[in-house]
Structures are given as C-alpha cells and as structure tokens.
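Visitor: One structure coming up, written as structure tokens, with questions to follow.
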Ligand code: 5GP
C-alpha cells in the first residue's frame, strides 16, 4: 500500500536494525482517517472470504482492526494480555513472548465470543517473530474456529514471522513489507499483491 509506505518513510523512525517506531500515526497518536483507509484495504482483500469476526491483540492492533471490522461489518474481538494464568472455565489462554518487551504474557480470549461457526481474520500492526499471531491462532483453534488469514500493517520481512504463519497454513497479507532497517534507512520489499488501494 503506497500510502502506508509513504507514511512510514515520512514519520517512521528505526530505533535500531530490528525495531521501527510509528507512534505518530499507529500506536500512540492515531491518524484515524488513515486507519479507515487501512481498514478498507484489508476489507478489499478479505471481503469475499466469509469472515464472521475480526480478532486483534491489545493494544496497538485495535485502531486498524476496528476499522477493518467496520468495513467488513462484523464484530471485533480484542485478545487481552494478562500477566499470569487465570483459572477460569470461561477463558482460553496461551503463553506468548512479547517481541518488544522480551517478557512472557498470557494471551486471553473469552469462550463467549468465538465458536466453531466463526471464520476469523486476525489483524495486527507489526509482524516480527510471529509470536502474537501464532498465539491468536492457537486460541482460535482451541475454540474450533477457522482462520481466514492474518492482515498486517508492517511486516518486517527480515524476521521469521511470515514463514512461521505460512507453515501453519495461514495466509499472510501485509500492506507494507520491510526488507531492511538501519540508521536513516528503511528499505521496502514489494507489498503483497491483489491489493485494493483505498480511495483518496
Ligand atoms: P511478533 O509477535 O510477531 O514477534 O511481534 C509482533 C508484536 O510486537 C506486534 O503486536 C507489535 O505490537 C510488536 N512489534 C514487533 N515489532 C515491532 C516494531 O518494530 N515496532 C513496534 N512499535 N512494535 C513492534
């Protein structure tokens, strides 16, 4: 998605060779109009795939995910990050390692909101090692739901997340793919095809 690449070039900051900061438009200050365009781009790709729900991981996936759910006219489920296991029959939980913080958390989903009838689109802001998305897939599969795909705003293609998800039989659709990060350097790969560019 050209617009996203332009925005990353203009406002993104490589903290080091591994981490990109985008807090001026995605995860601290949110550019709401831009998020609406992101939602339309994901909806354009996944519209005919029978999606019943969108799932994201709190908190930085929420803005793009809510716009995607709106564009597809389906509910959004926000998976919660708990610091420890909760003994509760109403919840599914799975341990995930955080890419940015290095620590482990329990990804948590209520049994009330997802069932075997659901065909789910997972949306997240970044794809790095694929831990968060894999955790979400594990929870959805525990609920016997099916996964339609994973929609990512910024895939860091030099990290193993994409391959990890594809190995699990899940489609990955990334709006921007970064080949390399460095001081004053953000190099892109061609983004995933069959893209519907949003209207300006
Ligand atoms: P993964 O689970 O794929 O290793 O990492 C994905 C999660 O870590 C995303 O939900 C995102 O919040 C965070 N993350 C990974 N890489 C970056 C990055 O370069 N910048 C920021 N801001 N967050 C990242």
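Visitor: Tally time: how many residues in region 34-65 are under 12 Å from residue 122 (Cβ atoms) and in a helix (DSSP H, G or I)?
Guide: Of the residues in region 34-65, 4 are under 12 Å from residue 122 (Cβ atoms) and in a helix (DSSP H, G or I).
Visitor: Evaluate the following for residue 141: is it surrounded by fewer than 16 Cβ atoms within 10 Å (Cβ to Cβ) and in a helix (DSSP H, G or I)?
Guide: yes
Visitor: Search region 140-153 for residues being within 13 Å of the ligand (Cβ to nearest atom) and touching a residue at least 40 places away in the same chain (Cβ under 8 Å), and hand back the single one that is nearest to residue 48 (Cα to Cα).
Guide: 151
Visitor: Is there a residue in region 66-80 that is within 16 Å of the ligand (Cβ to nearest atom), over 13 Å from the mean Cα position of the chain (by Cα) and either part of a helix (DSSP H, G or I) or closer than 30 Å to residue 111 by Cβ (or both)?
Guide: yes
Visitor: Across region 81-127, what is the number of residues that are in contact (Cβ under 8 Å) with a residue 40 or more places away in the chain, in a loop (DSSP other than H, G, I, E, B) and surrounded by 14 or more Cβ atoms within 10 Å (Cβ to Cβ)?
Guide: Matching residues across region 81-127 total 3.
Visitor: Read through the list (1) within 18 Å of residue 1 (Cβ to Cβ); (2) touching a helix residue (DSSP H, G or I) at 6+ places or on another chain (Cβ under 8 Å), then give the number of the only condition that residue 69 fails.
Guide: (1)
Visitor: Quick one: residue 4 ticks every box in (1) surrounded by fewer than 21 Cβ atoms within 10 Å (Cβ to Cβ); (2) touching a residue at least 24 places away in the same chain (Cβ under 8 Å); (3) within 15 Å of the ligand (Cβ to nearest atom) except a single one, so which number is it?
Guide: (1)
Visitor: Among the residues of region 12-33, is there at least one that is in a helix (DSSP H, G or I) and out of contact with any strand residue (DSSP E or B) (no Cβ under 6 Å at 6 or more places or on another chain)?
Guide: yes
Visitor: Could you figure out which of (1) within 13 Å of the ligand (Cβ to nearest atom); (2) surrounded by fewer than 17 Cβ atoms within 10 Å (Cβ to Cβ); (3) under 28 Å from residue 82 (Cβ atoms) isn't true of residue 156?
Guide: It is condition (2) that residue 156 fails.
None of the figures in this text is laboratory data; all of them are computed from the coordinates on show. None of the values given here were measured: they were computed from a predicted structure. Glycine gets a Cβ as well: all are built from the backbone with ideal geometry, and neighbour counts include every protein chain shown.
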